[in-house]
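**Student:** Encoded as structure tokens, here's the structure I'll be asking about.
A short reminder: the numbers here are calculations on the coordinates, not readings from a lab. No experiment lies behind these values; they were computed from the predicted model shown. Here the Cβ positions follow ideal geometry from the backbone for every residue, glycine too, while neighbour counts run over all protein chains shown.
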Amino acid sequence: MTIGEKILAAHCGKEKVEPGEFIEANLDLILANDITAPLAIKEFEKTGVNKVWDNTKIALIPDHFTPNKDIKSAIQVKILREFAKKYNIKYYFEIGRAGIEHALLPEQGIVLPGDLVIGADSHTCTYGALGAFSTGVGSTDFAAALITGKAWFKVPETIKFIYYGKLNKWVYGKDLILYTIGKISVSGALYKVMEFTGETVKELSIYSRFTMSNMAIEAGGKAGIFEPDEKTIEFVEKRKKREYKIYKSDKDARYSEVIEIDVSKITPQVAVPHLPENSKPVEEVEGIKIDQVVIGSCTNGWLEDLEIAARILAGKKVHSDVRLIVIPATPTIYKEAMKKGIIDVFIEAGAAVSTPTCGPCLGGHMGVLAPGEKAVATTNRNFIGRMGDKTSEVYLANPAVAAASAVKGAIAHPDSI
Amino acid sequence: MIFKGKVWKFGDNIDTDIIIPARYLNTTELKELATHCMEPLIEDFSKKVNKGDIIVAGKNFGCGSSREHAPLAIKSAGISCIIAESFARIFFRNSINMGLPVVELADASKYFNQNDEVEINLTDGIIVNLTRNEKYKIKPFPKFLQNIINSGGLLNYSLNKRKPK
């Protein structure tokens, strides 16, 4: 069995599961945010049930339109807050203590290797970086799990990706996943698990792995999983709030496809509008003038991402025609970045540094684009109108390319700074 | 279970930010969601749709976010059914859960033009393009799926099932 199949089997009390099989499985954690939870709570309340399954295994995180951008979003968050109080939800995070859900939950040791997690947010697949099986669902599935603690699944097939070769300078998890999506398309892993393996992934930091698992959904994937190793254990041991279990794929595990990727051929990637599959080497798009740069999001808002950007921005100024917006993903990341002097670097360079929020990634607030404007962003989607007006454009890149582009005023290779 | 209407044709990879841009997700009001449905591609889509109209699309319809607001916006705009060559996983499940029938048909884009009249029979698994006078076979919707659609979604279906007869 693959790691994904093993986790699913363990959570439905079976020795073995096979792709295509339907199972009902017990969940370790369920989560929703200020966009998806209000719908789920409305549904939950319609049922007349007045008890949640387990208040210690539910996370409600206001992170999308927070700090509230308008009265309507304030009402949405109020629904979460009141529900969390009423049912004594353990992992409700108030503004100021909340971070972007997919960084906050692993950072706080709330999701762990071997877990089975559903979240009413498509980027729930992020926790695959720790060797968990986690996947996005709608509000109704979340509402049902609020009551039962269970979800049904069709056991997915798995595509094995083998990354080999030496990583080039300025190449990170973001570049590998953009390259991979470019190769297989935005529906290349539809309904399937992407299992990320190979000698190169051992070299990747845990944060680069989070970025890759995070974007599995951009290829249609149900999950994006790495086998835990020493780096995983180092990350979770100092954070864990409970025990966890490590699963690994068997040598004879069956895959629907095996795709080998020589990373030595990959240079920093940029996905041009309007799909994440439109990835190209940065060299091919250098010089495109931009209006805004966003560094942050559940994809690239970790301390390591900010450090990479700061290395380029140190002693430099953001181009006079560009707004640079930097958003640490969690309060802890913000604090650590302050201690390390990274926030100083950003402010000295002329960036706006924001409290944690998903804000601009989905065109919510904190950096919405006007008609015709172009942005380089370390986020995950460059769909039409994603960051603002329907004629605006988003170019997806890693934090080094984003920082270099902010200095140049145009899409730039980090080496050009 | 039969749906009949005019075709609204879309391409591949219609994402959830097209279906309902995220900036409007600060509400769960159905009428308001409908007002902004497909806004980046078609202004006032919901006003132009006649109740019962049908969407025909290419591959990977509904890719992107897990927002249930997406099928809700389409349904509230008056669309009765979506035919696509394939659907994104989360959107597919959300649509059924919201009581919006979604049907996979290989090469669907080739079989329909904008404004064609279409009849979909989910019980028998037959789609008829009345304009071209052509028939296509699909997998029929099993009874429980039809019941979910008729109940207006999974939750109402579950509640109805619980009620004593």
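**Student:** Can you tell me, using C-alpha contacts under 8 Å and at least 6 residues apart, the relative contact order of chain A as a whole percent?
**Tutor:** Worked out over chain A, it gives 17 percent.
**Student:** Leaving out same-chain residues fewer than 8 places away, which lysines sit with a Cα under 16 Å from that of residue A:78?
**Tutor:** Reachable lysines: A:42, A:69, A:86.
**Student:** Over chain B, with a Gaussian network built from C-alpha contacts below 10 Å, which listed residue (B:85, B:134, B:68) shows the highest mean-square fluctuation?
**Tutor:** The residue that fluctuates most here is B:134.
**Student:** In terms of the Cα gyration tensor, with a ≥ b ≥ c the square roots of its eigenvalues, is segment B:2-162 rounded because a/c is under 1.5, prolate because a/b exceeds b/c, or oblate?
**Tutor:** The shape class here is oblate.
**Student:** Choose one of A:412, A:306, A:330: the residue whose Cα lies farthest towards the positive end of the charge dipole of segment A:270-412 (beta-carbon charges +1 Lys, Arg; -1 Asp, Glu; about the Cα centre).
**Tutor:** The Cα lying farthest towards the positive end belongs to A:330.
**Student:** If a/c stays under 1.5 just call it rounded; otherwise compare a/b with b/c (prolate if a/b is bigger, oblate if not). Do that for segment A:76-169, with a ≥ b ≥ c from the square roots of the Cα gyration tensor eigenvalues.
**Tutor:** In terms of gyration-tensor shape, oblate.
**Student:** Using θ = phi - 60° and the Karplus curve 6.51 cos²θ - 1.76 cosθ + 1.60, what whole-Hz ³J(HN,Hα) does each residue of segment B:129-137 get, with Gly and Pro shown as x?
**Tutor:** Running phi through 6.51 cos²θ - 1.76 cosθ + 1.60 with θ = phi - 60° gives 8, 5, 5, 8, 6, 10, 10, 10, 8 Hz.
**Student:** List the relative contact order of segment A:243-389 as a percent without decimals, with contacts defined as Cα pairs under 8 Å and 6+ residues apart.
**Tutor:** 26
**Student:** Still on this structure, I have one more. Could you check the simple spin-label distance between residue A:15 and residue A:183, using points 7 Å along Cα→Cβ, in nm with one decimal?
**Tutor:** 3.6
**Student:** How much net charge surrounds residue A:63 when only the other residues with a Cβ under 10 Å from the Cβ of residue A:63 are counted, with Lys and Arg +1 and Asp and Glu -1?
**Tutor:** For residues surrounding residue A:63, the net value is -3.
**Student:** Taking θ = phi - 60°, what integer Hz values does the Karplus form 6.51 cos²θ - 1.76 cosθ + 1.60 yield along segment A:310-321, in sequence order, with x for Gly and Pro?
**Tutor:** Going residue by residue, I get 5, 4, 7, 7, 3, x, 10, 10, 5, 3, 4, 8 Hz, with x marking Gly and Pro.
**Student:** Among all the aspartates and glutamates, which ones have a C-alpha under 18 Å from residue B:75's C-alpha, if same-chain residues fewer than 8 places away are not counted?
**Tutor:** A:43, B:15, B:17, B:29, B:32, B:39, B:43, B:44, B:53, B:104, B:119
**Student:** Starting from the Cα of residue B:123, step 7 Å along the direction of its Cβ; do the same at residue A:417; then give the gap between the two resulting points in nm.
**Tutor:** Label-label distance for residue B:123 and residue A:417, simple model: 6.5 nm.
**Student:** Report the charge-dipole magnitude of the protein assembly as shown in Debye, nearest 20, computed about the Cα centre from +1 at each Lys and Arg Cβ and -1 at each Asp and Glu Cβ.
**Tutor:** 1540
**Student:** With each label point set 7 Å from Cα along the Cα-Cβ vector, what nm distance links residue A:230 and residue B:144?
**Tutor:** About 4.9 nm, to one decimal.
**Student:** Please compute the net charge surrounding residue A:45, taking Lys and Arg as +1 and Asp and Glu as -1 over other residues with Cβ under 13 Å from its Cβ.
**Tutor:** Net charge in that neighbourhood comes out at +2.
**Student:** Between residue B:130 and residue B:106, what FRET efficiency follows from the Cβ-Cβ distance if R0 is 25 Å, with the result rounded to 0.05?
**Tutor:** About 0.75, to the nearest 0.05.
**Student:** For n ≥ 4 DSSP H runs only, could you compute -39500 (n - 2.57) per run for chain A, divide by its residues and tell me the 222 nm figure to the nearest 500?
**Tutor:** Calculated from helices alone, the mean residue ellipticity at 222 nm is -8500 deg cm²/dmol.
**Student:** Using a ≥ b ≥ c from the Cα gyration tensor of chain A (square roots of the eigenvalues), is it rounded, prolate or oblate, where a/c under 1.5 gives rounded and otherwise the larger of a/b and b/c decides, a/b for prolate?
**Tutor:** Cα axes put chain A in the oblate bin.
**Student:** Same structure again: When the helix-only estimate is applied to chain B (DSSP H runs of n ≥ 4, each -39,500 (n - 2.57), divided by the residue count), what is the mean residue ellipticity at 222 nm, nearest 500 deg cm²/dmol?
**Tutor:** -8000 deg cm²/dmol
**Student:** Taking the Cα centre of segment A:151-243 as origin, sum charge times position over the Cβ atoms of Lys and Arg (+1) and Asp and Glu (-1), and report the length of that vector in debye to the nearest 20.
**Tutor:** The dipole magnitude comes to about 240 debye.
**Student:** Based on the mean of other beta carbon atoms within 10 Å per residue, what is the order of A:115-123, A:200-208, B:110-118, most packed first?
**Tutor:** A:115-123, A:200-208, B:110-118
**Student:** If you rank A:250, B:12, A:305 by fewest surrounding Cβ atoms within 10 Å, what's the result?
**Tutor:** By the 10 Å Cβ count, ascending: A:250, B:12, A:305.
**Student:** Continuing with the same structure: Could you work out, residue by residue across A:381-390, how many beta carbons of other chains sit within 10 Å of that residue's beta carbon, and then give the average as an integer?
**Tutor:** 6
**Student:** Please give the net charge around residue B:26, taking every other residue with its beta carbon less than 11 angstrom from that of residue B:26, where Lys and Arg add +1 and Asp and Glu add -1.
**Tutor:** Charge balance in the 11 Å sphere: -1.
**Student:** Treating the beta-carbon of each Lys and Arg as +1 and of each Asp and Glu as -1, no other charges, what is the dipole magnitude of segment A:3-260 about its Cα centre, to the nearest 20 debye?
**Tutor:** 600
**Student:** Taking just the alpha-carbon atoms of segment A:236-314, what radius of gyration and Dmax come out, in angstrom?
**Tutor:** Rg and Dmax of segment A:236-314, Cα atoms, are 18.7, 51 Å.
**Student:** Between A:271, A:337, A:253, which gets the highest mean-square fluctuation from a Gaussian network model of chain A, Cα cutoff 10 Å?
**Tutor:** Highest fluctuation of the listed residues: A:253.
**Student:** Now for a different question. Multiply the residue separation of residue A:289 and residue A:78 by 0.36 nm, subtract the distance between their alpha-carbon atoms, and state the gained length in nm to one decimal.
**Tutor:** Net length gain for the segment: 71.9 nm.
**Student:** Using a Förster distance of 41 Å, how high is the FRET efficiency between residue A:311 and residue A:370, based on the Cβ-Cβ distance and rounded to 0.05?
**Tutor:** Approximately 0.85, to the nearest 0.05.
**Student:** Related question: Give the calculated FRET efficiency between residue B:30 and residue A:257 to the nearest 0.05, with a Förster radius of 30 Å applied to their Cβ-Cβ distance.
**Tutor:** Given R0 = 30 Å and the Cβ-Cβ separation, E is 0.15.
**Student:** Which one of B:88, B:22, B:73 has the biggest mean-square fluctuation once chain B is modelled by GNM with Cα springs under 10 Å?
**Tutor:** Sorting by GNM fluctuation, first place goes to B:22.
**Student:** Please compute the length gained on full extension between residue A:347 and residue A:241, using 0.36 nm multiplied by the number of residues separating them and subtracting their Cα-Cα distance.
**Tutor:** Extra length available between residue A:347 and residue A:241 comes to 34.6 nm.
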